[in-house]
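Worksheet: one structure, shown below.
Read the figures in this text as sums done on the coordinates, not as results from a lab. This one's a predicted model, so the numbers in the text were calculated from it and none came from an experiment. A quick note on method: Cβ atoms are made from the backbone with ideal geometry, for glycine too, and the neighbour counts reach across all protein chains shown.
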Amino acid sequence: MRKVIFISTLVLLLGATGYIYWNYYRSFGEGYREGYFQKFSRKGNIFKTYEGECVQEGFGARSANGSINANYFYFSVVDESVADSLEKCIGKAIKVHYTQYLRNLPWRGDNYNNKNQEKGQYVVDRIESVTDVPNR
């Protein structure tokens, strides 16, 4: 009987560990995004995280009333040095590298499932390029 309880507990523990790793820690995707960097803040009640917003060229999805919206990219930043560099880039065109996770962890930033085109948590880990925006 003890052997059955031990094996059952071990299987449940391994299953829970696999689920947590697969959904919260495994990198689902990574890539690059570029756009006009317009907002950056540090927020949170318990875990203070850095959150940013870029406006990308082109158009996003249509809204419920049929109008066309701008295409935004919402992301979080974990690395303090990247956050310090991004603070100096507001109002400029940037290209960043991101890692996408299926689900968010509170200490890794916000989850913008309802705002980004693809679901998941986007964490920017480095800046590829920064250019000034010509006057429009």
In whole percent, what relative contact order does the chain give with Cα contacts below 8 Å and a gap of six or more residues?
26 percent
Under a 5 Å amide H to amide H cut-off, with H placed in plane at 1.01 Å, what residues pair with Asn113 once short-range neighbours are removed?
Gly120
Å³ per residue enclosed by the Cα convex hull of the chain:
153 Å³
About its Cα centre, how strong a charge dipole does the chain have in debye, to the nearest 20, once Lys and Arg get +1 and Asp and Glu get -1 at the Cβ?
580 debye
Which is farthest toward the positive dipole end of the stretch 28-131 among Leu86, Tyr112, Val123, measuring Cα position about the Cα centre, with Cβ charges +1 (Lys, Arg) and -1 (Asp, Glu)?
Tyr112
